[in-house]
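Asker: Please find one structure pasted underneath; my questions will follow.
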Amino acid sequence: MKLYDSYRAPNPRRVRWVMAEKGITDVEIVPVDILAGEHRTPEYRAKVGVAHVPALELDDGTCISESIAICRYLEALHPEPNLFGRDPKEQAEIEMWTRRAEIYFANPMMLTVRHSHPALAALEPQQSPDVAGFNRGSAERFMKMLDRHLEEREFIAADRVTMADIVGVVGLDFARLIKYRPPEELANLNRWYEAMRARPAAAAGA
């Protein structure tokens, strides 16, 4: 299998983090320079179908894009350590928190960075400080809720690291490009963040 990857981009890092947690080492990494537009070439689009990274090319030529879909596929091949849930209730809870972490936390932080960092202007038709500010405010409102949620628990969705934690920490870590740190008063969130960054798998694209 081949993983079409862009080293600094957050969504491919989710996949690399999952691979690191599971000890998956037999996937070839194919770098894609998104700042140079390599993901927009006719050849890449013909293979993947969309101008997105990451994409996982299977041995039969099938290409799977969207980071969560790729991680689910890898989970099916390598069930342990479990990241998506062991029974229907746990699967639903992890799915719920993964979607929340992506929609209300990771995506707004990514848009904050993409509309703030000068080097990422190539990825947007037009960078907008207003878009960056709106999304930062949206993410920080969710952080307050997540801080309360983490008051008496170590991880977001279960008694162990799951996909929800990976999505959240990768989104937040991406904001280090603009030297962003979560508000200091969110002690529980910061504790979780530092614990996640201390995991060996955090080195997968940091």
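The values are calculated or read from the model by the stated rules, or taken from the named source; none is laboratory data. Note that the structure is a prediction, hence the values are computed from the model and not measured. All Cβ positions, even for glycine, are placed from backbone atoms using ideal geometry, and neighbour counts span all protein chains on display.
Asker: Is it the case, given these coordinates, that Glu194 is of a type outside the set (A, V, I, L, M, F, W, C) and either under 17 Å from the mean Cα position of the chain (by Cα) or at pLDDT below 95 (or both)?
Answerer: It is true that Glu194 is of a type outside the set (A, V, I, L, M, F, W, C) and either under 17 Å from the mean Cα position of the chain (by Cα) or at pLDDT below 95 (or both).
Asker: Out of all the residues in region 137-172, which are in a helix (DSSP H, G or I) and either over 14 Å from Ala101 (Cα atoms) or at pLDDT below 95 (or both)?
Answerer: Gly137, Arg148, Glu151, Glu152
Asker: What do you reckon, is Ile64 surrounded by 17 or more Cβ atoms within 10 Å (Cβ to Cβ), over 15 Å from the mean Cα position of the chain (by Cα) and part of a loop (DSSP other than H, G, I, E, B)?
Answerer: no
Asker: Any residue that is farther than 30 Å from Pro31 by Cβ, buried (at least 16 other Cβ atoms within 10 Å of the Cβ) and among the hydrophobic types (A, V, I, L, M, F, W, C) - is there at least one of those in region 169-186?
Answerer: Yes, there is a match, as at least one residue in region 169-186 is farther than 30 Å from Pro31 by Cβ, buried (at least 16 other Cβ atoms within 10 Å of the Cβ) and among the hydrophobic types (A, V, I, L, M, F, W, C).
Asker: Enumerate the pairs (first residue in region 111-132 and under 17 Å from His52 (Cα atoms); second residue anywhere and part of a loop (DSSP other than H, G, I, E, B)) with beta-carbon separation below 7 Å, excluding pairs fewer than 6 apart on the same chain, so at least 6 apart or on different chains.
Answerer: Once the first residue is under 17 Å from His52 (Cα atoms) and sits in region 111-132, its partners that are part of a loop (DSSP other than H, G, I, E, B) give Arg114/Glu124; Ala121/Gln127; Ala122/Leu35; Leu123/Ile34; Glu124/His115.
Asker: Being at pLDDT 95 or above, of a type outside the set (Val, Ile, Thr) and under 24 Å from Ala202 (Cβ atoms): is that true of Arg14 here?
Answerer: Answer is yes for this residue.
Asker: What residue, of Arg148, Arg141, Arg114, is under 17 Å from the mean Cα position of the chain (by Cα) and basic (Lys, Arg)?
Answerer: When all the criteria are applied, what remains is Arg114.
Asker: Okay, moving on. I'm checking my understanding of the structure. Among residues of region 175-187 that are part of a helix (DSSP H, G or I) and closer than 18 Å to Arg141 by Cα, which one is farthest from the chain's Cα centre (by Cα)?
Answerer: Across region 175-187, the extreme among qualifying residues is Ala187.
Okay, residues lined up against (1) closer than 19 Å to Val18 by Cα; (2) hydrophobic (A, V, I, L, M, F, W, C); (3) assigned to a helix (DSSP H, G or I):
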{"residue": "Arg99", "(1), (2), (3)": "yes, no, yes"}
{"residue": "Glu102", "(1), (2), (3)": "yes, no, yes"}
{"residue": "Ala106", "(1), (2), (3)": "yes, yes, yes"}
{"residue": "Met109", "(1), (2), (3)": "no, yes, yes"}
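Asker: Go through region 1-46 and count every residue that is part of a helix (DSSP H, G or I) and touching a residue at least 24 places away in the same chain (Cβ under 8 Å).
Answerer: Residues flagged as part of a helix (DSSP H, G or I) and touching a residue at least 24 places away in the same chain (Cβ under 8 Å) within region 1-46 amount to 15.
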